[in-house]
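Below is one structure, written out as structure tokens; the observations come after it.
The values are calculated or read from the model by the stated rules, or taken from the named source; none is laboratory data. Worth saying up front: this structure is predicted, and the values here are computed from it rather than measured. Note: ideal-geometry Cβ built from the backbone for every residue, glycine included; neighbour counts use all protein chains shown.
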């Protein structure tokens, strides 16, 4: 069969992974590549035995050599193809996020079969992040389609802000930059409504694309159990969990973070919602703060740290970090108290995280009674054939 695109030959070991559903081809499985295949172009992946395995964008710089768009050899990768993909992703959000359609992740890369493209919506602003060379080459078309799909549904979007300041772009040979696409003269701050709470979002300087949308549904779980409780929110950042606890009529909430800037933003969010009188904002290193706390002071402790590891090389160090703060929290909570603990690192796999929790409980002399186990909000869908799309682990336990 004559190939439509330059050919990449993959090893039989690599081919076996693709046949199981993986959508990334790694450089260590590369056998050969057509010399005239330009960086970012579409290529066909062929096994050593001549079997077609998929078509995707080539990256000559990254460890991920090809990110597959489709495994259908008859696929035509034109504008209509990408519009169907984007509309399919949008319809998914309309089904599952209809109450938060102006405040959600619209495109989640590989999970939406659009590798290297992330798009979040904050009211009338879309925030886009492109992490692959191939997607960068067609971004104008992708952005035009996004605005078209939303407009066709009657959605009011004013512009697209690019948060292309993530380090992964350097691995693709792409520059780090941010700003409005096509130089739109629009604000970079807005106030979203998340399940009844008003939250200030800074798309230019905020974390990720401006806010942590992935914990949206998990924050409501805390809200529903916070009434009358004394709550400690560790690593509060701009107050997502703390605000939900206060909104759920907690007796009082202490929000701790090492960043004064984040705490200032959290306080402003509290004022936006008239919750500041039942909240305190404490600048401290969480590890140090937990050492000074009085046992039994809190009924609920939330541990939502930043990713302690962003690679497999530092897993052991991260494991000890997670273990230390979880043991500290378990010691502070009395019988009947609740521990909410999570990890946002995909490299800290579920089995390893649960092993850490079991060890922490045993060494602390407590028993964990599981209340809830969840993952990222469903606007960050998970492909069961790609473990890379699953990263957030969220646990609620009662201490007995």
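Figures for the structure shown
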{"item": "Long-range neighbours under 7 Å by Cβ, at least six apart or interchain, first residue without any contact (Cβ under 8 Å) to a residue 60 or more places away in the chain within region 367-387, second in a loop (DSSP other than H, G, I, E, B)", "result": "367/400; 369/400; 375/382; 375/390; 375/392"}
{"item": "Qualifying residue in region 51-64 (condition: surrounded by fewer than 14 Cβ atoms within 10 Å (Cβ to Cβ), more than 28 Å from the chain's Cα centre (by Cα) and not assigned by TED's automatic domain parsing to the domain that holds residue 383)", "result": "yes"}
{"item": "Residues of region 357-385 that turn out to be over 26 Å from residue 220 (Cβ atoms), surrounded by 16 or more Cβ atoms within 10 Å (Cβ to Cβ) and under 22 Å from the mean Cα position of the chain (by Cα), as a count", "result": "0"}
{"item": "Number of the exception - residue 386 against (1) more than 22 Å from residue 233 (Cβ to Cβ); (2) modelled with pLDDT of 95 or more; (3) out of contact with any strand residue (DSSP E or B) (no Cβ under 6 Å at 6 or more places or on another chain)", "result": "(2)"}
{"item": "Flag for residue 108 being in contact (Cβ under 8 Å) with a residue 60 or more places away in the chain and touching a helix residue (DSSP H, G or I) at 6+ places or on another chain (Cβ under 8 Å)", "result": "yes"}
{"item": "Region 332-353, subset more than 20 Å from the chain's Cα centre (by Cα) and modelled with pLDDT of 95 or more, residue nearest to residue 288 (Cα to Cα)", "result": "332"}
{"item": "Residue identified as within 23 Å of the chain's Cα centre (by Cα) and touching a residue at least 60 places away in the same chain (Cβ under 8 Å) among 85, 93", "result": "93"}
{"item": "Some residue of region 160-170 being in contact (Cβ under 8 Å) with a residue 40 or more places away in the chain and either surrounded by fewer than 20 Cβ atoms within 10 Å (Cβ to Cβ) or not in a strand (DSSP E or B) (or both)", "result": "no"}
{"item": "Within region 228-312, helices (runs of 4 or more DSSP H) holding 2 or more residues that are under 22 Å from residue 201 (Cα atoms) and touching a strand residue (DSSP E or B) at 6+ places or on another chain (Cβ under 9 Å)", "result": "240-247, 260-272"}
{"item": "All positions within region 360-400 that are assigned to a helix (DSSP H, G or I) and within 30 Å of residue 295 (Cβ to Cβ)", "result": "360, 361, 362, 363, 364"}
{"item": "Any chance residue 117 is more than 21 Å from the chain's Cα centre (by Cα), farther than 22 Å from residue 268 by Cβ and buried (at least 16 other Cβ atoms within 10 Å of the Cβ)", "result": "no"}
{"item": "Strands (runs of 3 or more DSSP E) fully within region 14-80 counting 1 or more residues that are under 29 Å from residue 149 (Cβ atoms)", "result": "24-26, 42-47, 52-58, 64-70"}
{"item": "Test for residue 152: is it at pLDDT 95 or above, farther than 20 Å from residue 56 by Cβ and out of contact with any strand residue (DSSP E or B) (no Cβ under 8 Å at 6 or more places or on another chain)", "result": "yes"}
